[in-house]
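First the structure, in the form of structure tokens, and then the observations on it.
Quick note: the coordinates plus some simple rules give every number you see, no bench work behind them. Treat the numbers as computed from the prediction; the structure is a model and nothing was measured. So basically every Cβ, Gly included, is an ideal-geometry build from the backbone, and we count neighbours across all protein chains shown.
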Amino acid sequence: MNFTELAKLRYSCRKFSDKAVEPEIIEKILEAGHLAPTGCNYQPQKILVLTDKEQLEKVGECTRFGFNAPLNFLICFDRSLSYTRGDGKNFGEIDTTIVATHMILKAAELGIGSTWIGAFNPVKTREVFNVPENFEILGFFPMGYPAEDAAPAHFHEEYRDPAEIVFYNNF
Ligand SMILES: Cc1cc2nc3c(=O)[nH]c(=O)nc-3n(C[C@H](O)[C@H](O)[C@H](O)COP(=O)(O)O)c2cc1C
């Protein structure tokens, strides 16, 4: 599978089978994240891997987008570790976005479905998962083997006309 095929294969999966994701698959997904580039190579990402039933159940207290996934990653970054540009812009969110994207694509390659969850309660999430004060939360990333009837949302293939997005040489 080449990169474009992989990018086309991935979709936001919102229905999972109960089958647990094997530890070696989880490790491969984590490795893909580990290989991601970060500002100044500071690698500020902090990833909480949720596999225990008890912990997974708590996701429901933080977001309605848990989808009963058998695996979930809470991806954060340590703001005191991430690169801050001279004008004060902190790159942690950019770094972790790249990390998460690597993980999602690797998961897709391995037949694991995922969805990026930005709609969560950050205050509740910090409390429920004891997220340290200096960590900022990027999001939840529920993952698992897609349910037999899992399918992309109807808007999955609704792309804007590239002419609205891409400009050569001048806007
Ligand atoms: C930053 C970000 C936040 C998102 N947050 C949510 C979310 O909270 N709940 C959800 O169901 N999907 C969420 N999504 C998934 C998007 O709705 C989805 O990627 C988009 O509709 C395109 O569909 P596709 O992923 O199937 O290509 C999020 C995606 C991104 C990139």
| request: Just add up the charged neighbours of Lys28: K/R +1, D/E -1, any other residue whose Cβ is under 10 Å from the Cβ of Lys28. | output: -4
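What does the C-alpha gyration tensor say about the overall shape of the chain? Classify as rounded when a/c is under 1.5, otherwise prolate if a/b is larger than b/c, or oblate. Intermediate results must be reported in sequence, preceding the final value.
On the way: a/c = 1.59, a/b = 1.05, b/c = 1.52.
Oblate, because a/c is 1.5 or more while a/b does not exceed b/c.
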| said: Under the rule a/c < 1.5 gives rounded, and otherwise a/b versus b/c splits prolate from oblate, where does region 125-171 land using the Cα gyration tensor? | reply: oblate
| request: Tell me which residues come under 5 Å, amide H to amide H, from Ser17 once H is placed; ignore anything under 5 positions away on its chain. | output: Tyr145, Ala147
| said: Taking the alpha-carbon distance from Lys106 and a cut-off under 19 Å, which aspartates and glutamates remain once sequence neighbours fewer than 8 residues away in the same chain are dropped? | reply: Glu5, Glu22, Glu24, Glu27, Glu31, Asp95
| Over the Cα atoms of region 1-72, what Rg and Dmax result, in angstrom? | 14.7, 40
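Is the C-alpha gyration tensor of region 76-165 telling us rounded, prolate or oblate? Criteria: a/c under 1.5 is rounded; beyond that, a/b larger than b/c is prolate, otherwise oblate. Present the calculation step by step, with values, prior to reporting the outcome.
Values: a/c = 2.17, a/b = 1.39, b/c = 1.56.
Note, shape of region 76-165 comes out oblate.
Just to confirm a number: summing +1 for Lys and Arg and -1 for Asp and Glu over residues other than Lys58 whose beta-carbon lies under 11 angstrom from that of Lys58, what do you get?
Details: positive: Lys53, Lys124; negative: Asp52, Glu54, Glu57, Glu61, Glu127.
With Lys, Arg at +1 and Asp, Glu at -1, the neighbours total -3.
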| Along the positive direction of the dipole of region 37-171 (beta-carbon charges: Lys, Arg +1; Asp, Glu -1; about the Cα centre), which of Phe91, Gly66, Asn134 reaches farthest? | Asn134
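Can you list the trypsin sites (Lys or Arg not before Pro) in region 118-171 that are in a DSSP coil and have 10 or fewer other beta carbons within 10 angstrom?
Listed in order of number, the matching sites are Arg160.
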| task | Select from region 129-171 those GluC sites (Glu not before Pro) which occupy a DSSP coil region and have at most 12 other Cβ atoms within 10 Å, ordered by residue number. | result | Glu133, Glu148, Glu158
| request: Using only Cα atoms, locate the centre of region 134-164 and the centre of region 112-133, then give the distance between them in Å, rounded to an integer. | output: 16
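Beyond a 27 Å Cα-Cα separation, which of these cross-linked pairs lie in this structure: Lys58/Lys89; Lys53/Lys89; Lys19/Lys58; Lys8/Lys124?
On the way: Lys58/Lys89 33 Å; Lys53/Lys89 38 Å; Lys19/Lys58 19 Å; Lys8/Lys124 34 Å.
Exceeds cut-off: Lys58/Lys89; Lys53/Lys89; Lys8/Lys124.
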